[in-house]
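Below is one structure, written out as structure tokens; comments come after it.
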Amino acid sequence: MSQQAVIETEKLTKRYHDFVAVDKLNLRIDEGEVFGFLGPNGAGKTTTILMLLGLTEPTSGTARVYGYDPIREPLKVKRIVGYMPEKIGFYDDLTARENLDYTAWLNGLSREEAARKMSELLEMVGLAKDAEKKVGKFSHGMKQRLGIADVMIKDPKVAFFDEPTSGIDPEGVDQILSLITDMARKKMTVVLSSHQLHLVQKVCNRVGILAKGHLVLEGSVEQLGRESLGGGKFRIQLQVADPATKLIDAIKSINGVIDVESSNDLLLVSCNDDLRPQVARAVVDSGSLLVQMKIEEYGLEEIYLKYFRES
Amino acid sequence: MSRLFVVCWKELADHFSSWRFIILSLLVYVAGVMIIRMAAQNIRSEVTDATQFVFLKLFASGETSFLSFQTLFPFFILPIVGITLGFDAINSERANGTLSRLLSQPLYRDSVINGKFLAGIITLSILVLGIVALVAGMGLYMIGVPPMAEEIFRLIGFVFISIIYGAFWMSLAILFSVFFRRIATSALASIAMWIFFFLLVIVGATVPIEQAILISRVSPISLYGGAIQVMLIPNHPALWAAIQQYRELTGVLVEPNPLSFSQSLLIIWPQLTSLIALTALCFAVSYIRFMREEIRST
Amino acid sequence: MGKFKAVCYVACLILFMALIGGLLAQPAAFAMSKDAVSTSSFVPSQAASTEEQIKLDSKYPTISSYAGSSFSYDVDLSYSGGKEPRTFDLGVTVPQGFTASIAPGYGEGGEIRAIRLDPTKNYPDTIKVTVRPAYAYLVPEPGEYSVTVEASSGTIKGSIQLKAVVTAQYNLSLDPATGRFNTDATAGSDNYFTIKVTNTGTADLNNIVFSSDIRGMPSGWSVTFKPEKIDLLKIGDTREAEVNIKPSPKTIAGDYIISISAEPDAKIAFASMEMRTTVLTPTIWGWVGVGIVVLVIMGLAVMFMRLGRR
Ligand SMILES: Nc1ncnc2c1ncn2[C@@H]1O[C@H](COP(=O)(O)OP(=O)(O)O)[C@@H](O)[C@H]1O
Ligand SMILES: [Mg+2]
């Protein structure tokens, strides 16, 4: 724990009258992580982010961003934090560039630096062509991408993305997520809040699952998957005409296979990679007949369903 | 501080590229032209041998007429300009979803209100200075009598008080824009206040004197109206009552001497401070509300 | 002849009796002897046998009028004593510088030189005698002039003396020298224009002074004349005077009506004219005014360009 905690909360609580939106949340996010902040609608994700940004005051508990209190030292926090709100909005009668320029200016960037960065970022998010168009004419996806550029222009140390994928078509989602992971590569801490677990899990190296204001689960995707399902990331299901123990051993000996379970003619292989070719060869080599084979990706979805089915 | 100027500059740019400002300037400058035309008609009959401040008459002619500074400024132009520049200051950003983004930038929340207010004041000042300069210019061309130093001081005083009064309406509108989420609601609330004070002044003309005095000390329209009367009309008929009494007592007929500029300032000091206090009050309430408020984009 | 004497005797008797009767009926008649005589002449037919004579009479034998105008008299002619109508030549004697004409009745018809009178008519005929200055440019001096109207036919003559009293006419006219009744003036500075005053009367005028009045006049104006006074203005003479209008520096630009009048000391004549004076803005302030307006517009334009986007 020598590493500096980017975000640290302690018993962070937000209460709206009788309703507890965030309940004694203890959270730690380290530098360079892409942290998936997951949970169904109304779980309290946005409220937590607002408290971390100083946009709302916690009822009790503390929040720290790089050691700064967002309420007491709002400017210090806001200098290093980027935030893309849930319902992103821009000044409709300004162009994309003018909108970014305003943010750049508010962050004290020099004119030349701002101009250079704006062109770079607009290129990066694929809006170079539309830079001089008024944002009022932008589609939701374009605004979302402009939002990413808007976060990036201040070179934040930590960036919060609140529901960046909601209301966007699948290709758009891929584009946005790949932009965000590109950012992560720049040694930036990213907090990605979403209720669409299956969309974001791929890009997160750690997730926290929030339900009714409680953090119910926390850890890396693999770790969580393993912990809850005792296996790897993938599960290959294959049906063989007459499974022999020799075959099970052969499969077990394949590099990357974690575990093999068998029940009658059904074999369940858990592994870290897509090992279908190797498994298929092993079956053929053992002389058995392969009836069918399919692969299932394990992930947070099941965990998610598990946890939220309960609630 | 510098962030405040960034907000102010951006807001100024917004104003200057908006239809709103173009319509406002049209309103203001058309009013200016009408005032000068009205003054052109009246000034000859109003300027007598005793008139010391001929140039000032341009701004104070046709006192009772609709098309004069004394009527248009307190009742119409400044409330309209102030309200128009302020009624959606905060809630339009909220509705647009830009407020969350703006407040996640490194600037204090009050810089947002202050920057917007400052930009509004600058815009307002440009409009007021514009109309006064326009009337002065056209008037000078028309009557050919240059202003004296005293008259220039008085005009500066008039502009200054007008800006404060416009700022009051703007701060009131900003207050509503902080309180009400919906732009239509804040606009309506501001207009309602305008109508309320308007009616209060009209009612003030019919009620007994004690109540009328009370109204004139509370209603910003009366405060401002009284102040500019003293500024623009150095020997205002209001002074004549005392003169009349003196005449009845002593039988000596005296013309009311024009007040000096400093004396006029002294007379309107209470009105001025009341206006500033009202403006400050609106601000204080806006701050208290806005500073600790939750900024949620949905 | 005896018969003629007898007629004369009877006539004298009747006349005597009539005199006595008249004396009894109207004792005061003698007091107006002149009238009585003239009245007696209006009884011609009864006195047909009396001497043949012509009488001229006028109800208004003295007329007074301004120099240069004409005098019209109605003259009654009564012819008596004759038996048949007779033509009388008519003549008028006028002083030098006058001319006269005679017209029948009360002025109808053309000019006549003679008139035929019927002695049997018991009312007089009337002619209209008009006396006027002979030359329009030579106005007669004021004074009394006598005019004699004469009617003659052979030895029968009659005449009447009429009197024309010529009085003097004092008249002035005042006009701008240029004929234009408007002028420009700059506030605070001297503005000159010329007026001319003419004696259009029939007598010389002395000590004519000028005065001015500005309607609803703002103070601080001065209107001065050069010369201030005209000592003598002969009949028909014209003099020019220079007017200097100096509006006060605080005058509001626009039109002012200045009324200028001329009047002799004796206040026997008066002339006035109105001058529409357009007070112009002193050029410098006009330009300053235009400058301010231009600055406002330019300032706004610059603001729009600097601040307004796109
Ligand atoms: N101003 C408020 N007053 C009362 N309840 C609120 C308020 N803001 C949010 N909530 C409630 O708090 C809960 C958490 O909201 P939020 O943090 O926005 O959830 P999400 O995880 O979807 O972002 C929701 O149930 C919401 O209804
Ligand atoms: Mg949310």
So A:ASN41 ticks every box in (1) more than 9 Å from ligand 1 (Cβ to nearest atom); (2) open to solvent by 10 Å² or more (accessible area, probe 1.4 Å) but one. Which box is left unticked?
(1)
Test set (1) within 16 Å of ligand 2 (Cβ to nearest atom); (2) open to solvent by less than 10 Å² (accessible area, probe 1.4 Å); (3) part of a loop (DSSP other than H, G, I, E, B) - A:PRO70 fails condition number
(1)
Near pairs, Cβ below 7 angstrom, 6+ apart or cross-chain, from segment B:276-298 (more than 14 Å from chain A (Cβ to nearest Cβ)) to any residue that is within 16 Å of ligand 2 (Cβ to nearest atom):
none
On the basis of being small (Gly, Ala, Ser), on the phi > 0 side of the Ramachandran plot and within 11 Å of ligand 1 (Cβ to nearest atom), does A:GLY67 make the cut?
no
Can you tell me which residue is surrounded by the fewest Cβ atoms within 10 Å (Cβ to Cβ) among those in segment A:88-103 that are of a type in the set (A, V, I, L, M, F, W, C), away from ligand 1 (no atom under 16 Å from the Cβ) and within 12 Å of B:THR98 (Cβ to Cβ)?
A:LEU94
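Is there a residue in segment B:153-172 that is out of contact with any His (no Cβ under 6 Å at 6 or more places or on another chain) and within 14 Å of chain C (Cβ to nearest Cβ)?
Filtering segment B:153-172 for residues out of contact with any His (no Cβ under 6 Å at 6 or more places or on another chain) gives B:153-172.
Imposing the further condition that a residue be within 14 Å of chain C (Cβ to nearest Cβ) reduces the set to B:155, B:159.
There is at least one residue in segment B:153-172 that is out of contact with any His (no Cβ under 6 Å at 6 or more places or on another chain) and within 14 Å of chain C (Cβ to nearest Cβ).
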Quick one: what pairs do we get from segment C:112-138, first residue more than 21 Å from C:GLU84 (Cβ to Cβ), second of a type in the set (A, V, I, L, M, F, W, C) and assigned to a loop (DSSP other than H, G, I, E, B), C-beta under 8 Å, 6+ apart or different chains?
C:VAL131/C:VAL94; C:PRO133/C:ALA67; C:PRO133/C:VAL139
Please tell me if C:ILE292 is at pLDDT below 85 and either surrounded by 14 or more Cβ atoms within 10 Å (Cβ to Cβ) or within 28 Å of B:ALA136 (Cβ to Cβ) (or both).
no
Restricting attention to segment B:1-17, which residues are assigned to a loop (DSSP other than H, G, I, E, B) and more than 9 Å from chain C (Cβ to nearest Cβ)?
B:MET1
Search segment A:162-196 for residues being within 16 Å of ligand 1 (Cβ to nearest atom) and assigned to a strand (DSSP E or B), and hand back the single one that is farthest from A:VAL151 (Cα to Cα).
A:SER194
Among B:PHE66, B:PHE75, B:PHE87, the single one that is open to solvent by 10 Å² or more (accessible area, probe 1.4 Å), more than 14 Å from chain A (Cβ to nearest Cβ) and under 30 Å from A:ILE71 (Cα atoms) is B:PHE87
Residues in segment A:134-155: is at least one at the interface with chain B (Cβ under 10 Å from one of its Cβ atoms), within 16 Å of ligand 2 (Cβ to nearest atom), assigned to a helix (DSSP H, G or I) and not charged (D, E, K, R)?
yes
Name, by its number, the condition in (1) charged (D, E, K, R); (2) modelled with pLDDT of 80 or more; (3) surrounded by 16 or more Cβ atoms within 10 Å (Cβ to Cβ) that does not hold for A:LYS252.
(3)
Those residues of segment B:200-226 that are assigned to a helix (DSSP H, G or I) and closer than 14 Å to B:PRO74 by Cβ come to a total of 13
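Yes or no, residue by residue, for (1) within 16 Å of ligand 2 (Cβ to nearest atom); (2) in a loop (DSSP other than H, G, I, E, B):
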| residue | (1), (2) |
| --- | --- |
| A:LYS24 | no, no |
| A:ARG28 | no, no |
| A:GLY32 | no, yes |
| A:PHE37 | yes, no |
| A:THR47 | yes, no |
| A:LEU50 | yes, no |
| A:PRO58 | no, yes |
| A:GLY61 | no, no |
| A:ARG64 | no, no |
Hits in segment C:181-204 - residues which are farther than 18 Å from C:THR224 by Cα and in contact with a Lys or Arg (Cβ under 7 Å, 6 or more places away or on another chain):
C:ASN199, C:ASP204
Hey, can you tell me all the residues within segment B:163-205 that are under 30 Å from B:ARG296 (Cα atoms), under 19 Å from the mean Cα position of the chain (by Cα) and either β-branched (Val, Ile, Thr) or surrounded by fewer than 17 Cβ atoms within 10 Å (Cβ to Cβ) (or both)?
B:ILE174, B:ILE191, B:ALA192
Considering only residues of segment A:185-207 that are within 16 Å of ligand 2 (Cβ to nearest atom) and over 9 Å from the mean Cα position of the chain (by Cα), which is farthest from the other protein chains (Cβ to nearest Cβ)?
A:GLN196
Would you pick out the residues in segment A:15-26 that are surrounded by fewer than 21 Cβ atoms within 10 Å (Cβ to Cβ), more than 10 Å from ligand 1 (Cβ to nearest atom) and under 19 Å from A:ASN41 (Cα atoms)?
A:ASP23, A:LYS24
What is the one condition in (1) over 22 Å from B:ARG289 (Cα atoms); (2) open to solvent by 20 Å² or more (accessible area, probe 1.4 Å); (3) among the polar types (S, T, N, Q); (4) touching a Ser or Thr at 6+ places or on another chain (Cβ under 8 Å) that A:THR9 does not satisfy?
(2)
Working only within segment B:132-162, note down all residues that are open to solvent by 10 Å² or more (accessible area, probe 1.4 Å) and hydroxyl-bearing (Ser, Thr, Tyr).
B:TYR141
Might you let me know whether segment A:84-106 holds any residue that is charged (D, E, K, R), more than 7 Å from chain B (Cβ to nearest Cβ), under 19 Å from A:PRO156 (Cβ atoms) and part of a helix (DSSP H, G or I)?
yes
If A:PRO85 passes every condition in (1) within 24 Å of B:TRP9 (Cα to Cα); (2) open to solvent by less than 40 Å² (accessible area, probe 1.4 Å) but one, which one does it miss?
(1)
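The values are calculated or read from the model by the stated rules, or taken from the named source; none is laboratory data. Bear in mind that the values here come from a model prediction, so they are computed numbers and not experimental data. Cβ atoms come from the backbone with ideal geometry, glycine included; neighbour counts cover every protein chain shown. What goes into the accessible areas is simple: the full protein's heavy atoms, side chains included, and nothing from ligands, DNA or RNA. Shrake-Rupley method; radii C 1.70, N 1.55, O 1.52, S 1.80 Å.
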